[in-house]
Structure formats: structure tokens, C-alpha cells
Amino acid sequence: MRYLKLYNNYDFTIEKAEGVYIYDTDGNQYFDTFAGIGVLALGHSHPKVVKEISAKLERYAHTSNYFLDEDTEKVAKLITNQGEKVFFVNSGTEATELALKVIKKKIDGGKILFFSNSFHGRSLGALSVNGFPGIRDQFKPLLPDTLEAEFNDVDSLKETAANNPEIKAVFFEPLQGSGGVQPASPEFIAELKHQIAANDWILAVDEVQAGLYRTAKRYSYQHFDLKPDLVTVAKALGGGLPLGGVIMAGEMTEVLKPGDHGSTFAPNPLALRGAKVVLEELETMEASIAENGEYFLNRLKELDSEKIEEVRGIGLMLGIELKEVIPNLRDRAQSEGVLLNLVKGRIIRFLPALNITKDEIDELIEKLKKILA
């Protein structure tokens, strides 16, 4: 096999995918509980998304950064507030890289704080603020002047801030995804806000996974009353195609000058059209996402299984933490027609299509009862 295999791929070939279901070439149907790892906000093959991207493709697929696509400003307005600006990139990792460049140019020295179990990408810059030692440390040395504190540990945050007055910025996931679908505690948020105000830190919030209505608000930081200077977005943004961005507020909008950053591909016209369709749909769905998220959370809490330690999350970004690793859990789920995404070994991460119905949630719960019996 000439493809370098770095993933534990499923052992079937996809024939088609629609809504919350994936179908293999043998005719089997699988319930997709993670929608392309949070990418397909409207599910697989949404008719309007397919129609609009196809129509754009018939006109052109790529133009380069020498042209300002007709959808660029439309999408920018859908993800920013008045006075903010966005620069588009191709992925969440690239968004992290750009945010780091903005920070480093702005602070001209100084240190950047990040937290354990935070995930911001796998490139060398992103690994420098990545709270997973197993995927980070083997590539050291990384960017200098980054510091790690313990997520949701107020004392760790206080101590790190007190011992490092050179900290000038902080990278933060209010609702950790790969870290286990773990929301920041109210006490931790209060201390973080105190440190930001007291030390004039730049706040960069990672909304790659939790943003764009996944938590029933446009951004997860809105649940925590944070006011970020930089916001990274990607995943669901491009309607299934690669697209990311960095949203800049206040002084951050003036940091980059022509030539400081660029991309051959971003923003790709097809991804922009997908973004426009998806975001316009999601703007009207906050109430339904909140309602179905609460319904899904309550149904998960009703699961009568001694294997479950905790159920948690916000909106339709939910997780089941198991008491211990269950061997072959993914295979067991597949045999029941369910595709599960496991993080940190014993946490089932749910990132379903945001237009999932209560009937589909009920169907999934019945399958989970068998899987976790």
C-alpha cells in the first residue's frame, strides 16, 4: 500500500452518505455520531449545500488570492461582529498558526499560556500550545516562550501567572473537544478573566470544534461571557470542504500588513459557497439546537449502564465518560450499526449533525443501550 497509513480506519468502503447515516458498499447502514468530526453541521449530502457548491463548481473551482470571491464578504459578515475582521485559511491548524503569528507580532516577545488537554492542531507552531504531551513532546524543540497550566485548576493558573509576569497572551478552549468534551468550570473562568484583566493578556479562543452553533450559540465562549481578541474557526465552516479563519477584534485587526500572511487556496470559492449556505441555515437553528441538545443530554443520562462515569457537554457537543476502557468498543458499536468516536481512550464524543431529530436521537439511544449493556 503506497498510502502512508496513520489512522485506524474503518474496515468498510462508503457507497453514499445522507443525513446522519453512512452506507457501505455491502448495503449496511451506520448511524454517524460525529459527522466528519464536527465538520458536517447539516449532515451528509445536504441537498442545498450540494446544489449550491455544484452550481459554483460549474462556474469555477479556484481562482487564487489575486481575486476577491463574491462570497468572501458575505461569509465574513456571518461569522463576525461589527468592527471585527476575519482572514480565511484552510483548516483549524492553519488558523492556530495565523493566530500565533498575530500574537507574536503584537507582543514582540513575552510568553504565551496554554492549558493541559487543549488541542489546537498538529503543526509545529500549533503543537507548541497543545496540551497533549504524547503528540507534542516527540517533536521538541518547538516554539519557545510557551507555558502550560492545568485546565480547570484555579491554583495552577494563579501560580503560573504569578511566576511568569512575561505572559502576554493565552490560548484557550472554553469547551475542550479532544480533551474529553470538558467545559471550563465557573471558578476557572472567573480566575482566567481576572488574570486577563489584571495583566492585559491577549485572549485567543479556539472555536474550531465548539464554535459555529455546535453549542446552540454562534460561539461557545458566549456561554462563559468571555471577550476574545482572536477567535479561530474551521471544521463546520466550509460545509464539508476545507476552510478556516481567524477573527480579529480591536487592535488585532491592525497587526497584519500585506505580505505578512497568505494562502494559495484560501478562501476557496467552493468552500465559501458551502459556508454561506451552512451559516445561513444555522443562524435560524439556535433554538432547535438548544432544545435537541438538552433532549439528547437527558436521554444519555437515562442510560442505565454501570460502565458510565459521567455524561456532560453543551448543546450538541456531548460526551460519555466511561469508568474504564471497554475493549473493542468501536467494533462492538459498528456491529450494532453505530459509528463512535472515542477520545482519551474512554470518552465517547458525540458531534452529530446539528439538524438531528428527536426520533434519530431516540434511535441512537436504543442502540447505545445494547452497546453499553
Would you check if THR253 is assigned to a loop (DSSP other than H, G, I, E, B), β-branched (Val, Ile, Thr) and over 21 Å from the mean Cα position of the chain (by Cα)?
no
Subset of region 331-344 [open to solvent by less than 80 Å² (accessible area, probe 1.4 Å) and closer than 20 Å to PHE119 by Cβ]
LEU340, ASN341, LEU342, VAL343
If a residue has to be over 21 Å from the mean Cα position of the chain (by Cα), free of Cβ contacts under 8 Å to residues at least 40 places away in the same chain and surrounded by fewer than 20 Cβ atoms within 10 Å (Cβ to Cβ) to count, how many in region 155-185 make the cut?
7
Inside region 268-316, the number of residues satisfying the requirement of being open to solvent by less than 40 Å² (accessible area, probe 1.4 Å), at pLDDT 95 or above and on the phi < 0 side of the Ramachandran plot is 26
Quick check: anything in region 129-139 closer than 22 Å to ILE347 by Cβ, touching a helix residue (DSSP H, G or I) at 6+ places or on another chain (Cβ under 6 Å) and basic (Lys, Arg)?
yes
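Confirm whether VAL325 is touching a residue at least 12 places away in the same chain (Cβ under 8 Å), in contact with a Gly (Cβ under 8 Å, 6 or more places away or on another chain), open to solvent by 40 Å² or more (accessible area, probe 1.4 Å) and of a type outside the set (D, E, K, R).
yes
Just checking, which of GLY240, GLY245 is touching a residue at least 60 places away in the same chain (Cβ under 8 Å), open to solvent by less than 10 Å² (accessible area, probe 1.4 Å) and under 28 Å from LYS48 (Cβ atoms)? Steps first, answer last, please.
Working: GLY240 fails: open to solvent by less than 10 Å² (accessible area, probe 1.4 Å).
None of the others qualify; the one that does is GLY245.
The values are calculated or read from the model by the stated rules, or taken from the named source; none is laboratory data. Quantities reported herein were computed from a predicted structural model and do not represent experimental measurements. Neighbour counts run over all protein chains shown; Cβ positions are idealised from the backbone, glycine included. Side chains included, ligands, DNA and RNA excluded: accessible areas come from the protein's heavy atoms. Shrake-Rupley method; radii C 1.70, N 1.55, O 1.52, S 1.80 Å.
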